[in-house]
Amino acid sequence: MADSVELLLEPASDLQLLEDWSALEAAGLPNQSRHQSFSNAPHITLAAAARIDDRYDDDLADAAAGPAVDLVTAGFLVFPTRRTFVLARQVVAHPELTALHRRVWFALDGVPEAVPTTVRGAWTPHITLGHGLTAEQLATALDVLMGRPPARLTAGIVRRWDAGGKRLILLGGGTAVLSAGSGPQ
């Protein structure tokens, strides 16, 4: 299990992705709404590594500072796993988003065991819609979602997920810590 740094969507944008999750759920398909964790929310993973601890928080907060980022999706991505697939909405990697990604990795300079698909030059920005789909379910999911147009989204809050401690640390807009079964502390 990896720690991560994630870009969250603003509420109106969140709703658009939650509607995708709901459409998949209504069709009886695997989707992110089935992930029953307090941390579950539509997001874009900016970085992941075996361990990203609190020594990085001040630099990550500096990297995250700034106005909300306007985003647009551009269709769907499919990531194969051992036997199933992950379905995601692709997010266009425009200059503001790639600059944020670059600042986050600058703040994480020297972090060990980085997840290769999140580092500069290998990162594909996306928002996961569902995982564990069979090939047949993937085809059905694409049929269900094909009528939904690309989305214009706004994102702003960056958080750090501490997988070992099951904690969320909000960065850039003050520091609040969320733990399993709790609200802001």
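The values are calculated or read from the model by the stated rules, or taken from the named source; none is laboratory data. These numbers were taken from a predicted model, which means no experiment stands behind them. As a convention, Cβ positions derive from the backbone with ideal geometry for all residues, glycine included, and neighbour counts pool all protein chains shown. Calculation scope for accessible area: heavy atoms of the full protein, side chains included, ligands and nucleic acids excluded. Shrake-Rupley method; radii C 1.70, N 1.55, O 1.52, S 1.80 Å.
Could you check GLY147 against (1) open to solvent by 10 Å² or more (accessible area, probe 1.4 Å); (2) of a type in the set (Gly, Ala, Ser); (3) modelled with pLDDT of 95 or more and say which number it fails?
Single failed check for GLY147: (3).
For residues that are crowded, with 18+ Cβ neighbours inside 10 Å and either part of a helix (DSSP H, G or I) or touching a Gly at 6+ places or on another chain (Cβ under 8 Å) (or both), tally how many sit in region 121-143.
Here is the first cut: in region 121-143, the ones crowded, with 18+ Cβ neighbours inside 10 Å are 123, 125-130, 133, 137-138, 141.
If we keep only those that are either part of a helix (DSSP H, G or I) or touching a Gly at 6+ places or on another chain (Cβ under 8 Å) (or both) too, we end up with 137-138, 141.
Adding up the residues that qualify gives 3.
With respect to the numbered conditions (1) more than 16 Å from the chain's Cα centre (by Cα); (2) at pLDDT 90 or above; (3) in a loop (DSSP other than H, G, I, E, B), which one is the sole condition not fulfilled by PRO184?
Going through the list (1) more than 16 Å from the chain's Cα centre (by Cα); (2) at pLDDT 90 or above; (3) in a loop (DSSP other than H, G, I, E, B), PRO184 breaks only (2).
What residue, among those in region 1-42 that are in contact with a Phe, Trp or Tyr (Cβ under 9 Å, 6 or more places away or on another chain) and modelled with pLDDT of 95 or more, is surrounded by the fewest Cβ atoms within 10 Å (Cβ to Cβ)?
Quick first cut of region 1-42, residues in contact with a Phe, Trp or Tyr (Cβ under 9 Å, 6 or more places away or on another chain) only: 2-6, 31-34, 39, 42.
With the extra rule that they be modelled with pLDDT of 95 or more, the set shrinks to 3-6.
Details: ASP3: 22, SER4: 20, VAL5: 29, GLU6: 22.
The extreme case among them is SER4.
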